Amino acid sequence: MSLRIFILLLFSLVLVSCDEDSKVEEEISKIEVDFIIERFDKAYAEAKPSDLPKLKQAYPFLFSKHVPDSIWIDRINDTLQNQ
């Protein structure tokens, strides 16, 4: 008998606690966010070999120090990469 009461109380607690209109969500939705998406793939596809230093400066985390510049230049010039 007490198990049924416990389950009934637990179930009713779960139903009451499920508030669809969360105040936190309302506050978050009021925050205005402006952002700019920079696409490396487009910048790399449109780059010329002379643009490689600019790309490396703008996106240093995408260029490994262990890969020589000649590999990146070959990829820029590769016609299959630019399709």
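All of Ser70, Ser64 fail the test of being in a helix (DSSP H, G or I), among the polar types (S, T, N, Q) and free of Cβ contacts under 8 Å to residues at least 60 places away in the same chain, apart from Ser70.
Reported count of residues in the stretch 23-52, each being surrounded by 10 or more Cβ atoms within 10 Å (Cβ to Cβ), over 20 Å from the mean Cα position of the chain (by Cα) and of a type outside the set (D, E, K, R), is 4.
Scanning the stretch 18-61 for residues that are of a type in the set (A, V, I, L, M), without any contact (Cβ under 8 Å) to a residue 24 or more places away in the chain and not in a helix (DSSP H, G or I) gives Ile31, Val33, Ile36, Ile37.
Values in this text are rule-based calculations from the coordinates and carry no lab data. No experiment lies behind these values; they were computed from the predicted model shown. Every residue, glycine among them, receives a Cβ derived from its backbone with ideal geometry; neighbour counts consider all protein chains shown.
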